[in-house]
1. I need to check one value: relative contact order of the chain, counting alpha carbon pairs closer than 8 Å and at least 6 residues apart, in percent.
2. Taking a probe of 1.4 Å, how large is the accessible area per residue of the chain, in Å²?
3. Can you find, among 38, 22, 66, the residue sitting farthest towards the positive end of the charge dipole of the chain, where Lys and Arg contribute +1 and Asp and Glu -1 at Cβ?
4. With just the Cα atoms of the chain, tell me how far they stretch along each of the three principal axes, in Å, largest first.
5. Leaving out ligands, DNA and RNA, what percent of the accessible area of the chain is carbon and sulfur, probe 1.4 Å?
6. Under 24 Å between alpha carbons: how many lysine pairs meet that in the chain, if sequence neighbours fewer than 8 apart on the same chain are excluded?
Amino acid sequence: CFDIKGILREFGSKWTDYCTDCSSSRGGIRCCASYGRPDDYDKEKCESIFNKETCSYKVVEKDDHSKECPVYSWVG
């Protein structure tokens, strides 16, 4: 199988690319997010910010990004 970059991947191989975990089989390539997305938090007061370097979200107050907000559930 060839991945999205055109790299040949052997059947049964696994890799992480663009914050996704991927694997290949005779049925094709499957990929899913390697991070959780914050779901239950105060969306009026806070916002989630994605960090591409660490493939993770941080939830902070909209008016003061130095203050983190509690997150009660994650999806992913």
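1. Numbers: 128 pairs, mean separation 17.4, N = 76.
Relative contact order, the chain: 23 percent.
2. Numbers: 5810 Å² over 76 residues.
About 76 Å² of surface per residue is accessible.
3. 22
4. Computed over the Cα atoms, the extents are 48, 21, 14 Å.
5. Values: 2790 of 5810 Å².
In the chain, the share of accessible area belonging to carbon and sulfur is 48 percent.
6. 13
The values are calculated or read from the model by the stated rules, or taken from the named source; none is laboratory data. None of the values given here were measured: they were computed from a predicted structure. As a convention, Cβ positions derive from the backbone with ideal geometry for all residues, glycine included, and neighbour counts pool all protein chains shown. Heads up: the accessible areas ignore ligands, DNA and RNA and are worked out on the full protein's heavy atoms, side chains in. Shrake-Rupley method; radii C 1.70, N 1.55, O 1.52, S 1.80 Å.
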